[in-house]
Amino acid sequence: MKDTVIIEEKETSKIEIVIGWLVNMVVYAIILIVISLIFPKTVYIDRSMFGLWAIVSAVLISILNQTIKPLIVWFTMPITGLTLGLFYPFINLIILKLVSIITLGHFEIHGIFFAVLVSLIISGLNIFIDKSLRKLIGKER
């Protein structure tokens, strides 16, 4: 007779998913505000309305990362391959520039090389905080 172990996987409710997404957006908005304070000549976020534009920018970045970024990655795959992946941070810069255009001056990013540095820092901080929050909550992937 074989012993079988049944592991129950807890389903994530829709409310937990929405709350997790909202927490990610608030954290991303805080990251954007901190980056705009550290690099004031490169990143500008309108601080009126108590950080609303940072949250709007975070939501737009999230939406563009889910919709347009895969297309940009696909179209720029040859140049990314030729540069051995060095072009990939410029894709993040393109997303940030699109958000700058959409928000009509409430979120602005200036320059190219410092903007690429800022996009790398934003990506790194987002990954670090996301992993830290998952570890804190106990939902490690």
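The values are calculated or read from the model by the stated rules, or taken from the named source; none is laboratory data. Quick caveat, the model's predicted, so the values are computed rather than measured. Don't worry about glycine lacking a Cβ; one is built from the backbone with ideal geometry, like all the others, and counts go over all protein chains shown.
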## Note on the structure
Conditions (1) without any contact (Cβ under 8 Å) to a residue 12 or more places away in the chain; (2) assigned to a loop (DSSP other than H, G, I, E, B) -> GLN66 fails only (2)
### Summary
Log entry, pairs with first residue in region 111-128 being at pLDDT 85 or above, second being of a type in the set (Ser, Thr, Tyr) and outside any helix (DSSP H, G or I), beta carbons closer than 7 Å, six or more apart or on different chains, reads GLY111/THR42; PHE114/THR42; ALA115/THR42; VAL118/THR42
### Query
When you look at LEU60, is it under 19 Å from ILE31 (Cβ atoms), more than 16 Å from the chain's Cα centre (by Cα) and without any contact (Cβ under 8 Å) to a residue 60 or more places away in the chain, yes or no?
no
### Sole exception among (1) crowded, with 18+ Cβ neighbours inside 10 Å; (2) under 18 Å from VAL116 (Cα atoms); (3) aliphatic (A, V, I, L, M) for ILE55, by number
(2)
#### Entry: Positions within region 26-46 being among the β-branched types (Val, Ile, Thr), part of a helix (DSSP H, G or I) and within 16 Å of GLY111 (Cα to Cα), in sequence order
ILE35, ILE38
### Task
Give region 102-115 a look and list any residue that's under 17 Å from the mean Cα position of the chain (by Cα) and under 13 Å from TYR44 (Cα atoms), or say none.
THR103, PHE107, GLU108, ILE109, ALA115
